[in-house]
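Have a look at the structure below, then the notes.
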Amino acid sequence: MPTFDIVSKVDPQTFDNAMNNAKKEILNRYDFSTSKSTIEHDKKTNIITIVTEDDMRLKAIQDSIISRMTKQNLDAKSLDFGKEQYASGNMIRKEITVKEGIDKETAKKIVAKIKASGLKVQASMMDDQVRVQSKNIDDLQRVIALCKSEDFGQPLQFINMRN
């Protein structure tokens, strides 16, 4: 039976390249020459920590990260921007989480959308991905087109297409 998986992943090497380029861009900017801003990426937890002096610099750093991700063909929807916290002194700290995998709520929305389409396919949730099966490979391609046309709040990839 033909199947494929719907996942949400970010290539770690490409993302690391985008983060390094964003750090270099920020360090070389004139308005950050006297700044004590830091950008750290913890690869184990996939969390970016930004510490800076004011909101303007924080916004500039976020824009730099998003633009570098776009240039590396990564979707910025995979970033979950948390709230700003005031660190020691007059510093602002912000943690940005990189979303990996499809959470349960999004998976339920995807499965419901596929079932509502009326296509003769079976969609099931498996851990942090959705598996779609059908007797006809054309129906699977219609499901891919349907999922690409919808916005589920995070980037989706379609992998492991098998006959």
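Restricting attention to the stretch 25-47, does a residue exist that is closer than 17 Å to residue 78 by Cβ, of a type in the set (A, V, I, L, M), out of contact with any helix residue (DSSP H, G or I) (no Cβ under 7 Å at 6 or more places or on another chain) and open to solvent by less than 60 Å² (accessible area, probe 1.4 Å)? The answer is yes; a qualifying residue exists. Annotation note: Cβ proximity below 6 Å between a residue of the stretch 87-115 that is among the acidic types (Asp, Glu) and a residue that is part of a strand (DSSP E or B) (sequence gap 6+ or interchain) occurs for 95/47; 95/49; 95/82. Scanning the stretch 84-108 for residues that are open to solvent by 100 Å² or more (accessible area, probe 1.4 Å) and of a type in the set (Asp, Glu) returns a single hit, 105. A single member of 111, 143, 130 is of a type in the set (A, V, I, L, M) and either exposed (fewer than 14 other Cβ atoms within 10 Å of the Cβ) or assigned to a strand (DSSP E or B) (or both), and it is 130.
Within the stretch 81-98, track down each residue that is among the charged types (D, E, K, R) and modelled with pLDDT under 90. Listed by number, the residues that qualify are 83, 84.
Just checking, how many residues over the stretch 154-163 are over 11 Å from residue 6 (Cα atoms) and either surrounded by fewer than 15 Cβ atoms within 10 Å (Cβ to Cβ) or touching a Phe, Trp or Tyr at 6+ places or on another chain (Cβ under 8 Å) (or both)?
Of the residues in the stretch 154-163, 2 are over 11 Å from residue 6 (Cα atoms) and either surrounded by fewer than 15 Cβ atoms within 10 Å (Cβ to Cβ) or touching a Phe, Trp or Tyr at 6+ places or on another chain (Cβ under 8 Å) (or both).
Mind checking whether some residue in the stretch 114-125 is open to solvent by 50 Å² or more (accessible area, probe 1.4 Å), more than 19 Å from residue 1 (Cα to Cα) and part of a helix (DSSP H, G or I)? Yes; the residues of the stretch 114-125 include at least one that is open to solvent by 50 Å² or more (accessible area, probe 1.4 Å), more than 19 Å from residue 1 (Cα to Cα) and part of a helix (DSSP H, G or I). If the condition is being surrounded by 14 or more Cβ atoms within 10 Å (Cβ to Cβ), without any contact (Cβ under 8 Å) to a residue 40 or more places away in the chain and not in a helix (DSSP H, G or I), then the stretch 53-79 contributes 53, 79. Within the stretch 80-108, can you find the residues that are under 22 Å from residue 53 (Cα atoms) and part of a loop (DSSP other than H, G, I, E, B)? Listed by number, the residues that qualify are 87, 88, 89, 90, 91. Among the conditions (1) more than 27 Å from residue 131 (Cα to Cα); (2) open to solvent by 80 Å² or more (accessible area, probe 1.4 Å); (3) part of a helix (DSSP H, G or I); (4) not basic (Lys, Arg), residue 17 misses just one, which is (2). When each of 5, 11 is tested for being open to solvent by less than 30 Å² (accessible area, probe 1.4 Å), modelled with pLDDT of 90 or more and acidic (Asp, Glu), the lone residue that passes is 5.
The values are calculated or read from the model by the stated rules, or taken from the named source; none is laboratory data. The structure displayed is predicted, hence computed values, not measured ones. In this analysis, Cβ positions are derived from the backbone assuming ideal geometry, glycine residues included, and neighbour counts consider all displayed protein chains. Quick note on the areas: whole protein, heavy atoms, side chains included, nothing else; ligands and nucleic acids left out. Shrake-Rupley method; radii C 1.70, N 1.55, O 1.52, S 1.80 Å.
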